[in-house]
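Read-outs: derived from the displayed coordinates by stated rules, not from any lab. Everything numeric here is computed off the predicted structure, so don't read it as measured data. All Cβ positions, even for glycine, are placed from backbone atoms using ideal geometry, and neighbour counts span all protein chains on display.
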């Protein structure tokens with residue numbers, strides 16, 4: 001078999017394939033043996049039907065060759081795709097140009113392939129990440145939170161304001177005089193909004209001894225209620241002074257300085273984690289922005305969308321949740337959910353195309369040693385022999401995709417190594433500083449290298 005590929009406009013390729021007569025004769029023989037086992041002919045056991053009898057049963061001498069063409073064409077096409085290193089993204093359109101009746105077979109396949117998109121300026125991307133610096137204000141805020149835990153409510157002789165706690169008698173009645181709420185010595189935080197908004201409005205500026213009357217609606221009650229409130233006490237929370245004695249009593253540290261240093265260290269670790277996450281996510285987002293929507297094939301978006309809808313359905317089914325219940329719980333309708341999933345699918349396709357383009361632009365290659373390492377690791381997880389796994393991937397034409405996924409992982413590494421990092425104030429940040437205490441991390445779902453996914457995608461019993 002011989003195959004040549006001719007590039008056409010619109011990310012399409014004409015794949016021309018020639019199959020020698022002897023090679024196609026073997027395909028006809030295989031088709032005959034298969035049909036001889038399947039077709040029931042009176043007077044003959046399965047597999048023992050003579051060829052001329054089977055041809056007559058199928059409709060004439062040319063029928064067996066036609067069936068062989070139908071059966072063998074996808075296999076010849078798959079071999080041609082692997083031989084020419086094409087990356088089809090949609091089913092081909094076949095045109096048999098020779099060999100319908102006899103002799104060698106030739107056919108053309110019009111194939112839509114994955115395009116190489118433009119990513120102008122990818123080498124000079126600037127990415128903003130959170131600052132690594134820990135300010136005194138941040139430490140003070142954490143100290144104040146700890147002091148809040150040790151705060152005490154103290155009665156004060158002044159008007160109430162937000163954040164104060166007031167002791168009140170609270171009653172509410174319907175216009176028919178029925179009491180709906182009746183509670184005395186109720187401790188309530190002004191501004192919390194936990195009863196009705198009107199209560200907070202009335203309490204702001206109130207002092208001990210005041211009697212408040214107003215109307216309001218309780219959630220779940222159909223009628224407006226008449227509220228009466230007696231303010232008995234106004235209390236404010238007083239926090240302990242931040243001293244060495246307080247630090248020793250409220251923490252594992254002997255001094256306030258030691259406590260502040262530990263808080264600063266923990267905040268620094270948090271900043272590093274946030275910065276690393278932003279480094280990756282913002283770098284990918286910046287790369288995606290370089291891809292023009294017009295360069296994205298809709299067939300890829302629709303394929304990714306179908307996968308997302310399928311995965312969501314499976315997850316909901318596993319949890320015993322109906323789609324209608326999920327939509328109601330999340331406050332969305334089916335159309336809105338589909339629009340969200342399509343947007344996510346488009347971004348994922350643009351990212352895939354951008355990483356592939358970067359790998360090609362920088363000539364990032366995967367050598368045999370690296371490929372062998374990936375296959376060995378995957379074979380171990382799948383509990384398969386590595387040679388069997390490779391043979392299966394080769395037979396199903398999926399080794400090229402495994403290489404592509406590895407190249408994408410390298411492209412992500414290249415991207416993270418070359419983006420210019422700045423914080424919110426525009427101050428440069430060193431990537432080495434981010435890496436200093438970083439642990440090895442997954443590359444993430446969107447660019448994950450998964451030989452297992454390639455193996456799982458193979459049809460069971462596929463012998464092509």
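Oblate is the label for segment 227-348. Its Cα gyration tensor axes, ordered a ≥ b ≥ c, give a/c of at least 1.5 and b/c at or above a/b.
Over 19 Å, how big is the tail of the calculated P(r) for segment 92-218, in percent of all Cα pairs? Here the long-distance tail beyond 19 Å is 73 percent of all Cα pairs in segment 92-218.
The percentage of C-alpha pairs in segment 184-237 whose separation is greater than 17 Å is 35%. Taking 19 Å as the cut-off, the amide N atoms of segment 333-363 that come nearer than this to a point 7 Å along the Cα-to-beta-carbon line of residue 370 belong to 352-363.
Here the contact order of the chain, divided by its residue count and restricted to Cα pairs under 8 Å and six or more residues apart, works out to 15 percent. Among 294, 352, sorting on how many other beta-carbon atoms sit within 10 Å of each Cβ, with the fewest leading, yields 294, 352.
Pull out a ≥ b ≥ c, the square roots of the eigenvalues of the alpha-carbon gyration tensor of segment 256-456, then state rounded if a/c is under 1.5, prolate if not and a/b is larger than b/c, and oblate in the remaining case.
Oblate, because a/c is 1.5 or more while a/b does not exceed b/c.
Computed over the alpha carbons of the chain, Rg followed by Dmax gives 35.7, 111 Å. Note on residue 98 and residue 255: their simple-model spin labels are 9.2 nm apart, each label 7 Å out from Cα toward Cβ. To the nearest ten degrees, helix 61-84 and the longest principal axis of the Cα atoms of the chain are 50 degrees apart. When 279, 246 are sorted by how many other C-beta atoms sit within 10 angstrom of their C-beta, beginning with the fewest, the order is 246, 279.
What does the helix-only formula give at 222 nm for the chain: each DSSP H stretch with n ≥ 4 adding -39500 (n - 2.57), the total divided by the residues, and the result rounded to the nearest 500 deg cm²/dmol?
After summing the helix terms and dividing by residue count, I get -16000 deg cm²/dmol.
Based on the Cβ-Cβ distance from residue 116 to residue 38, what FRET efficiency comes out when R0 is 45 Å, to the nearest 0.05? My answer for the efficiency is 0.50. From the Cα gyration tensor of segment 1-60, with a ≥ b ≥ c the square roots of its eigenvalues, which class applies: rounded if a/c is under 1.5, or else prolate if a/b is larger than b/c, or else oblate? It is prolate, given that a/c is not under 1.5 and a/b is the larger ratio. Computed from Cα atoms, the angle from the helix 21-38 axis to the main principal axis of the chain rounds to 70 degrees.
Protection proxy ranking for 192-203, 321-332, 94-105, using the average of other Cβ atoms within 10 Å per residue and placing the highest first: 192-203, 94-105, 321-332.
Helix 136-149 and the longest principal axis of the Cα set of the chain meet at an angle near 70°.
Distance between the pseudo-spin-label points of residue 9 and residue 78 (7 Å out from Cα toward the beta carbon): 3.4 nm.
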